[in-house]
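Worksheet: the structure to be examined is printed underneath.
Every number in this text was worked out from the coordinates using simple rules, so none of it is lab data. Please read these numbers as outputs of a predicted model, since none were measured by experiment. Note that each Cβ is placed from the backbone with ideal geometry, even for glycine, and that neighbours are counted across all protein chains shown.
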Amino acid sequence: METKGIVICGVGGQGSLLASKLLGKVLVNEGYDIKVSEVHGMSQRGGSVITYVRYGDKVYSPVVQSGEADFVISFEKIEAARYAHLLKKGGIIITNTQRIDPMPVIIGAAEYPDGVLDELTAKGVQIEALDALALAEQAGSAKAVNIVLMGQLAKHFHIAYDKWIAAIEQTVKPKFIDLNKKAFELGYNYSK
Amino acid sequence: MKELMIGNAAVARGLYEAGVEVISSYPGTPSTEITEFAATYDDIYCEWAPNEKVAMEAAFGASLRGVRSACAMKHVGLNVAADPLFTLSYTGVTGGLVVCVADDPGMHSSQNEQDSRHYAIAAKVPMLEPADSAECKEFAKLAFDISEQFDTPCLLRMCTRIAHAQSVVELGERTVPEKKPYEKNPQKFIMAPANAIRRHPFVEERTKKLTEYAETSPVNRVEMGDTRIGIIATGACYQYCKEVFGEGASILKIGMVNPLPVQKIKDFAASVEKLYVVEELDGVIESHCNNIGVKVIGKELFGPLGEFSQKSIAQAFGLPVKETVTADTQIPVRPPVMCSGCPHRGMFYVLSKNKITVLGDIGCYTLGSAAPLTALDSTLCMGASISGLHGFAKAAQGEADHNTVCVIGDSTFMHSGMTGLANIAYNGSKATVIILDNSITGMTGHQQNPTTGYNIKGDPATKINLEALCHSLGINRVRVVDPYNLEETEKAVKEELAADEASVIISRRPCVLLKYVKPRKPVMVDPDKCKSCKRCMKLGCPSIRIKDGKANIDTTLCVGCGVCEQLCPFDAIGHEEQTMAELPPAQCVAQ
């Protein structure tokens, strides 16, 4: 099979590491060859962060480049737009609608481009936007945004629901399993 | 058992399986996790040393005593440890000694993108470079075998995309080689001229033997595909080339980047029509090919800058890249920022407000250079703030004494700030040194250091007293301030700048991300009192924004540090109940 690409992006500190860990687990359990590439350090301090996940029969490069991603999963609205160029034709953007102002916006040096997702939709990009923060809070913790988004990904993904749940059980600390299962379910069942 | 592991964890696993017994390192992105993961194996003694030179020398001592040892560092860390490395090349080892060094092409978290391969060449030691996590583990083990077989330290070169990329690793068992008894051997280990003169020919002879090894070693392997294009590549570049060409090119994958084979490259060159070298950073392999008379295309096509990718390589070869959709709307950049409640912010605000020239250093506080604080004037390397300030003050002949300071973190001070401070005392500049003591090594992700009172395992350790240390280094004026208290901080800065001698201000409050630091309730803005003066926005705090013309606090981010509260002239920001007096003391005790 052709190698597939998934991009997980957001703002440093939002918990993208657990999302990629869960996704990695699901894909490894399915027997795929997989590579996950993250950047640690400087960019974690509230900067724009990105994780690349690639899977297939044999994966070489650990990074996803322009037009190679089947999914772009974003924890923040304009981060989805920042990395939209990575999406391949026919790919899907799944994004949290949460707005987090970057420093240039905070200090008034730039505008927050609120309508950028509409522009991408108008250009034919399929975007699934959801208030993952509200759903995470409904599940019991604002920190579960990552798992809500993974739930929404699962809805569009070829791997069965139960296998995701099994991977959650293998990935998450025991005391957080129920919370994360709930968050996953809410993300999975969300539709506009 | 198979496991998905980042390259650094796989290196740690390889060190473990190879029976390493002592690891001493200094943290530095992207190398830090090697030692962090190694420390999770109880069979290995691991430590954070104050700097990379100390770490490598500790590893040397362990090797001398007959066990397998290792150290890990980032590329610029090897500059610090270069001194022991060059002579370790002469002494060789008793127990195997592996030096892991992680380059950062693209400078994701570094001040330069130097190419560590030059060190292997200059120090005349072998260097391996893995291309995925499985190789990270295997090469870490092989590095010990090479180290012992050829009596040399062996370098293991990582880069960000290998160190921080996860791929599948097959786990093996740990085998500890028999400990060699300690025997005094002055001819080998006392590198005074008479002995060193005799060791140098050994080094040259060793390089010849290692080159022979490189000719036949399976780590340098040919993967024949289409013979119209031949590519020599290593590490991540090998992966990118495979991604672009698959079987559409023939590849000589180099696993041992120093010394490089000669005949193997000549044979490969003869088997392909056109030969390319794809290597990030400098043209090291390309120069070697030129030296042995093999014509290659390299840097003229790919350049020496940044990280490569399958896309950049395809473009360089003139191949089509994938179609894509982008927004026309400009997306504002999102640079990293100091966290909400970061204790550095109060000090930077004071320095910025008073228009003080600030020589900076390496750590989270480099972020003080960003708008709106723009508090820094320079950042060079670990420790350069203090030594640089001394030279700056001497050159200014008194004109800088009352308006220039330097800032350096607790860990960076222990790493290489102490010697600069000794120079200030000894050679008498009237410098004002600010130690930003947040009680942890922050930027690399919270590693303990000699001032925190804990070791790598989190167990209690000797806590070096910074005040006493600065006094001992000859500084009479040493004072501690809480950077959450702006008035106290400003007073200290002004008084110490006015003083007619050198002084140290220790700006002390633990990093807010430390688990034992409990956040206070977020502060709130009373919109009726807020006059939209935006004074609070001068802090560059990610929790403060303007909403409907008024300041507004993002309560999901705010940790209630109260610094903005002190800036508001209209008393519009505050906690409902808590006051400054309820803050935990600055000298927080870790759990």
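Any chance you could tell me what percent of the C-alpha pair distances in the range B:258-300 go past 13 Å? Value for the range B:258-300 (Cα pairs over 13 Å): 49 percent. Backbone geometry of the range B:543-560 corresponds, through the Karplus equation with coefficients 6.51, -1.76 and 1.60 at θ = phi - 60°, to 3J(HN,Hα) couplings of 7, 9, 9, 9, 10, 6, x, 10, 5, 8, 9, 6, 6, 6, 9, 4, 10, x Hz, x marking Gly and Pro. Would you pull out the residues with amide H under 5 Å of B:Thr326's amide H, same chain only if 5 or more places away, H placed 1.01 Å from N? Residues meeting the amide H criterion: none. Rounded to two decimals, the Cα radius of gyration of the range B:345-418 over 2.2 N^0.38 Å is 1.04. If you take the Cα centroid of the range B:259-307 and the Cα centroid of the range B:39-84, the two points sit 33 Å apart. Measure up B:Lys180/B:Lys208; A:Lys35/B:Lys253; B:Lys188/B:Lys208; A:Lys77/B:Lys457; A:Lys163/B:Lys253 against 29 Å on the Cα-Cα distance and list the ones that go over. Distance filter (> 29 Å) returns A:Lys77/B:Lys457; A:Lys163/B:Lys253.
The alpha carbon centroids of the range B:323-366 and the range B:369-421 are separated by 18 Å. Sorting B:538-545, B:244-251, B:208-215 by average packing, meaning the other beta carbons within 10 Å per residue, from highest down gives B:538-545, B:244-251, B:208-215. Please work out the C-alpha center-to-center distance from the range A:1-58 to the range B:124-190 and express it in whole Å. Measuring centre to centre over Cα atoms gives 28 Å. Estimated from helical segments only, the mean residue ellipticity of chain B at 222 nm is -10000 deg cm²/dmol, where each DSSP H run of four or more residues counts as -39500 (n - 2.57). Shape analysis of chain A yields a ratio of the Cα radius of gyration to the Kirkwood radius, Rg/Rh, of 0.95.
Of all DSSP-defined beta bridges confined to the protein assembly as shown, some 35% are antiparallel rather than parallel.
Using the Kirkwood radius over C-alpha pairs as Rh, can you work out the diffusion coefficient of the protein assembly as shown via Stokes-Einstein at 4 °C, viscosity 1.567 mPa s, in µm² per second?
It diffuses with D of about 46 µm²/s by this estimate.
Taking the empirical scaling 2.2 N^0.38 Å for compact globular proteins as reference, the range A:76-150 has a Cα radius of gyration ratio of 1.19. The tail of the calculated P(r) for the range B:524-575, taken as Cα-Cα distances beyond 16 Å, holds 24 percent of the pairs.
Among the listed pairs A:Lys155/B:Lys311; B:Lys355/B:Lys494; A:Lys4/B:Lys311; B:Lys124/B:Lys274; A:Lys21/B:Lys141; B:Lys53/B:Lys209, give every one whose C-alpha distance is greater than 20 Å. In this structure, A:Lys155/B:Lys311; B:Lys124/B:Lys274; A:Lys21/B:Lys141; B:Lys53/B:Lys209 lie more than 20 Å apart at Cα.
Could you give the semi-axes, largest first, of the ellipsoid that matches the range B:2-216, computed as the square roots of 5 times the alpha carbon gyration tensor eigenvalues and rounded to whole Å?
25, 19, 16
The ellipsoid that matches the Cα gyration tensor of the range B:344-508 has semi-axes, each √(5λ) in whole angstrom, of 23, 18, 15, with the longest given first.
Rounded to the nearest 20 debye, the dipole magnitude of the protein assembly as shown is 180 debye, with +1 charges on Lys and Arg beta carbons, -1 on Asp and Glu beta carbons, and the Cα centre as origin. Across the range B:167-262, the fraction of Cα-Cα pairs farther apart than 21 Å, rounded to a whole number, is 61%. Convex hull volume of the C-alpha atoms in chain B, normalised per residue: 186 Å³. Calculated translational diffusion coefficient of the range B:221-316 (10 °C, 1.306 mPa s; Stokes-Einstein with Kirkwood radius over alpha-carbon pairs) equals 122 µm²/s. Loop-resident trypsin sites (Lys or Arg not before Pro) (DSSP state other than H, G, I, E or B) in the range A:1-105 with no more than 14 further Cβ atoms inside 10 Å of their Cβ: A:Lys58, A:Arg99. For chain B, hydrophobic long helices are taken as DSSP H runs at least 24 Å long by C-alpha position along their axis with mean Kyte-Doolittle hydropathy of -0.5 or more; these are B:133-150. Of all aspartates and glutamates in the structure, those lying under 15 Å Cα to Cα from A:Lys58, and not within fewer than 8 positions of it along the same chain, are A:Glu2, A:Glu30, A:Asp33, B:Asp132, B:Glu243, B:Glu247.
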